[in-house]
1. Looking at (1) over 20 Å from residue 110 (Cβ atoms); (2) at pLDDT below 90, which is the only condition residue 619 fails?
2. Considering every residue within segment 240-255, establish whether at least one is at pLDDT 75 or above, in a loop (DSSP other than H, G, I, E, B) and touching a helix residue (DSSP H, G or I) at 6+ places or on another chain (Cβ under 7 Å).
3. Tell me which residues, restricted to segment 539-571, are in a strand (DSSP E or B), free of Cβ contacts under 8 Å to residues at least 60 places away in the same chain and either over 22 Å from residue 81 (Cα atoms) or aliphatic (A, V, I, L, M) (or both).
4. Answer yes or no: is there a residue in segment 358-377 that is within 21 Å of residue 425 (Cα to Cα), surrounded by fewer than 20 Cβ atoms within 10 Å (Cβ to Cβ) and aromatic (Phe, Trp, Tyr).
5. Any chance you could count how many residues in segment 363-405 are of a type in the set (Gly, Ala, Ser) and within 34 Å of the chain's Cα centre (by Cα)?
6. Determine if segment 572-582 includes at least one residue that is small (Gly, Ala, Ser) and under 30 Å from residue 124 (Cβ atoms).
7. Modelled with pLDDT under 85, under 19 Å from residue 647 (Cβ atoms) and not aliphatic (A, V, I, L, M): does that describe residue 58?
Amino acid sequence: MRRISISCLVAVTAFVACIAAMLGLASAARAETRQASGQLAALVRPNDVNSGSLLFPSKEPGFYVEAPRLKTDVAIDVSGPIARVKVTQRFQNPSQGWIEGTYVFPLPDNSAVDALKMQIGDRFIEGQIKPRQEAREIYEQAKAEGKKTALLEQQRPNIFTNQVANIGPGEEIVVQIEYQQTVHQSGGEFSLRFPMVVAPRYNPAPIVQTVDFNNGAGFAIPRDPVQNREKIEAPVLDPRENARINPVSLTVNLKAGFPLGEVKSSFHDVDIGQDGDQARTISLKGDAVPADKDFELTWKAAPGKTPSAGLFREAIDGKTYLLAFVTPPTAPDAAAPSKREVVFVIDNSGSMSGQSIEQARQSLALAISRLNPNDRFNVIRFDDTMTDYFKGLVAATPDNREKAVAYVRSLTADGGTEMLPALEDALRNQGPVASGALRQVVFLTDGAIGNEQQLFQEITANRGDARVFTVGIGSAPNTYFMTKAAEVGRGTFTQIGSTDQVASRMSELFAKLQNPTMTDIAASFEGIEAEDITPNPMPDLYSGEPVVLTAELPQDKAAGKLQIVGKTGDQPWRVEMDIANAAVGSGISKLWARRKIDDLEARAYERQDPAALDKDIEAVALAHHLVSRVTSLVAVDVTPSRPANEPLGSAKLPLNLPEGWDFGKVFGEKAVPSGGAERHGAATPAGSAEPQRAAAATQDLAASPEIANLMAAAPTAKAATLIAQKSSTVNLPQTATRADEQIMRGLTMLLLALAAASGLAIWRRRLKGLASAGAKRDGF
């Protein structure tokens, strides 16, 4: 029995070894087949990737497929107060399958997006503006028919998505977007900002605010505070394991319209060429930079040449559009209010970790030190919890200021971004405003949240006589939220992108906090009935800020005077500008339409009929060919390119983490970010639930056979490996051959033959052993 058992063991071992050898042979044969068919170029190992890439697992153990890549070229033409920007996005498909790519990207919140072109070979296909749902249906139909198609949608005024379908194996599709915007001006400095990356947003969970059972259903449906939450999320690469991706090249052709002084880039190294005293050409040093922080360009006039007013007009479609700006003089007797009540609110959530929290701490410590002894103040900090430090306003004594500064300097960044409770506390719970005092709320944050509308409504409803000032912190702040919050709060927005800017930008803010606002601003026309003036209502202004307005007039009434009035304290101010002297400009009609849409959106909470509001916005957007919340641009190639029998994969293109952010603080040290940052370190204290959430998310995605989910769930090689272990049967688009079938048939026959030969050899050895034993017994 022992001899038989050993023999069986030997046979089994030989059989297993034979199988292992044949599997190795099969793998080598498949690799040779892939190499011969060109498929090997589509399958990579993590160590083979030289640049930041999003990998998703293939059926081949140890091999992965790269997600679409993106390169962006930006050309900015500045002419006086107007900038025209052309953004060219190149989508590349490195795989051997047909794919659809979705890219979530930022644009300035005041941009008027009006053009989309798709390049296929030597042909350009113009995008058409359509109502949002109609544009989506056109895109989906073209995608199903195998036609190349692109869809540009607005998810927020500063967040857009570009979807491009039916990109063939190895193909590159070029999509070009154009928009118009105004140049920002404050304190004699002009600036332009091009955002390069959408920072991960903290998205609060849906809540039930009111319960209404009148419909008889017996159930209340929660209202989601985050509009289109799935649309503003994208995979984010962990910079600890991936190189920076999505390279951007950028050039600015600056024609200021006045003699230029200093021209500089705040965050990037640039080359600056001069063409006369009024023009410069600015380009990024080197070929390109990774899309991980905003680009900011600032310029000043030569000494004594700063313009104090400007008036431009454009005649189009039977109407005249005006763009006017004028900087009011500072009143000689302007002085700081005798008493101020300042509530400082600082964001110390996970997205503020790294450089951002240092900038915020420095900025707030400086602001507290500048308070006067007769001021009152308080400090509120928040992540997914909140602390009201003094529990109400206290006198700005040296002792209280010292305590507050020490507290601020001790803050660290972690946790989620639950901003609403802190804002409610600042606006509602600080007690009544003292007689003769001015209440100011100063908000220091990166604004990385998705529930902007909730916060706008809170400011509008509970601001009272207070003014809300926002300070944008970090390399990629949510400028839409910061700008609009300051606008509805009758305050102003200051942006700080590096520690080098803290002193200068906070000094500008102090000048605005300590000087009276210009209030009661109104514009009218002498002898003309203006059809519309934007913004409406006109905002308050602070030291160094110009009045900037656009207007729509009948074309035959393009004469007369524009009058602007206001008050600084008790001092009236008035200016008149002759429309006949306006310079000819271009794109002003689109800037007016963009601001008209902003006015309609800002008063959405006042409208009882949301459908009627949407119709009003749609009418303006369609008339001026603009992308908005309710309109989109869609481009379709008439010629099908994807064969009907070829499957179509889908993926969101990955984004870099904004420069200065800490990946572990935002997503958790072990998290696999499959999209947006619903946590920013943690939606629960200290991120205790992150490993479980990551594992659960990975299991859910791994269980799905859809390539799109797998691609979105694997932002790093480590994550891709984890998913590959759980989803080895996923079918990916690949070149189909009969080689594998033929190889396996041959190997099966070889396996049987080897098994038979092995069994025969063992049987012969057993017979020989029995014969030898018998011979010994017989004396041989």
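1. Every condition holds for residue 619 apart from (2).
2. yes
3. First pass over segment 539-571, keeping only residues in a strand (DSSP E or B): 541, 547-554, 561-568, 571.
Still in the running and free of Cβ contacts under 8 Å to residues at least 60 places away in the same chain: 561, 563, 565, 567.
Once the filter is applied, which keeps residues that are in a strand (DSSP E or B), free of Cβ contacts under 8 Å to residues at least 60 places away in the same chain and either over 22 Å from residue 81 (Cα atoms) or aliphatic (A, V, I, L, M) (or both), segment 539-571 yields 565, 567.
4. Among the residues of segment 358-377, not one is within 21 Å of residue 425 (Cα to Cα), surrounded by fewer than 20 Cβ atoms within 10 Å (Cβ to Cβ) and aromatic (Phe, Trp, Tyr), which makes the answer no.
5. Taking segment 363-405 and keeping what is of a type in the set (Gly, Ala, Ser), we get 363, 365, 367, 369, 392, 395-396, 404.
Restricting the remaining residues to those that are within 34 Å of the chain's Cα centre (by Cα) gives 363, 365, 367, 404.
Qualifying residue count, segment 363-405: 4.
6. The first filter runs over segment 572-582 and keeps only residues small (Gly, Ala, Ser), leaving 580, 582.
Checking which are under 30 Å from residue 124 (Cβ atoms) leaves us with none.
No, segment 572-582 contains no residue that is small (Gly, Ala, Ser) and under 30 Å from residue 124 (Cβ atoms).
7. On the way: modelled with pLDDT under 85: yes; under 19 Å from residue 647 (Cβ atoms): yes; not aliphatic (A, V, I, L, M): yes.
Against the criterion (modelled with pLDDT under 85, under 19 Å from residue 647 (Cβ atoms) and not aliphatic (A, V, I, L, M)), residue 58 qualifies.
For every residue, the table says whether it meets (1) among the aromatic types (Phe, Trp, Tyr); (2) touching a strand residue (DSSP E or B) at 6+ places or on another chain (Cβ under 7 Å); (3) farther than 25 Å from residue 129 by Cα.
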position	(1), (2), (3)
534	no, yes, no
537	no, no, yes
543	no, no, yes
546	no, yes, yes
559	no, no, yes
565	no, yes, yes
576	no, yes, yes
590	no, yes, no
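The values are calculated or read from the model by the stated rules, or taken from the named source; none is laboratory data. Source: prediction; values computed, not measured. We place every Cβ from the backbone using ideal geometry, glycine too, and count neighbours over all the protein chains shown.
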